[in-house]
Amino acid sequence: MNKNQEIIDKLNGLLSDFQIFYQNLRGFHWNIQGRNFFELHVKFEELYTDAAIKIDMIAERVLTVSGTPIHGFQDYLNTTELEPVKNVHDGEVAVKTIVSNLEKIIVKERAIKDLAGSLDDSGTEDLMSAFVEEQEKTLWMYKAWLK
């Protein structure tokens, strides 16, 4: 068994979450309506562009630790802890979903960071630290928007 299998499995779970998060964001971007359209349309594009970059980074990390990144949509659906959403037109509902998704993702990233640290996998640990630091700020901003 691959000595990195636990890290690979956790990273693949995170990869699945990011794929669902990405699709949720695309849907928000496409379907947003209302007074906050111009503001949120741009913000959702920023978020899904960032998510696409992170998806690639996670998959490449899986490969780096001698694993295979999952890459089938049914595999993502079977592995994710996020709920796919569709036909969301209301900005507040979209932002609340983003906040919920990010909170779950950050919890998972912290757990992966801790696991990687215990296994002397500094590359994965550093990657997760960087993700968490950035996403905590993003989470704070979207929570502030909701107030």
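Assorted remarks:
- From LEU11, LEU40, LEU15, LEU63, residue being over 17 Å from the mean Cα position of the chain (by Cα), part of a helix (DSSP H, G or I), surrounded by 19 or more Cβ atoms within 10 Å (Cβ to Cβ) and among the hydrophobic types (A, V, I, L, M, F, W, C): LEU40
- Filtered residue count, the range 122-147, keeping only those that are part of a loop (DSSP other than H, G, I, E, B) and in contact with a helix residue (DSSP H, G or I) (Cβ under 6 Å, 6 or more places away or on another chain): 0
- The residue of the range 77-96 that is nearest to PHE38 (Cα to Cα), among those that are under 12 Å from the mean Cα position of the chain (by Cα) and crowded, with 19+ Cβ neighbours inside 10 Å, is LEU82.
Every residue, every condition in (1) without any contact (Cβ under 8 Å) to a residue 40 or more places away in the chain; (2) part of a loop (DSSP other than H, G, I, E, B), yes or no:
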site	(1), (2)
ILE70	no, yes
LEU77	no, no
LEU82	no, yes
VAL85	no, yes
THR97	no, no
LEU102	no, no
GLY117	yes, no
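- Assessment of the range 80-99 against the conditions (of a type in the set (Asp, Glu) and within 16 Å of PHE21 (Cβ to Cβ)) yields at least one matching residue.
- In the range 105-136, the residues that are crowded, with 16+ Cβ neighbours inside 10 Å, under 17 Å from TYR22 (Cβ atoms) and of a type outside the set (S, T, N, Q): ILE105, ILE106, LYS108, GLU109, PHE131
- Pair list, Cβ < 6 Å and 6+ apart or interchain, from the range 30-49 residues that are of a type outside the set (Gly, Ala, Ser) to residues that are assigned to a helix (DSSP H, G or I) and surrounded by fewer than 12 Cβ atoms within 10 Å (Cβ to Cβ): none
Readers should treat all values here as calculations from the given coordinates under stated rules, not as data from a laboratory. Keep in mind that what you see is a predicted model, and the values were worked out from it rather than measured. So basically every Cβ, Gly included, is an ideal-geometry build from the backbone, and we count neighbours across all protein chains shown.
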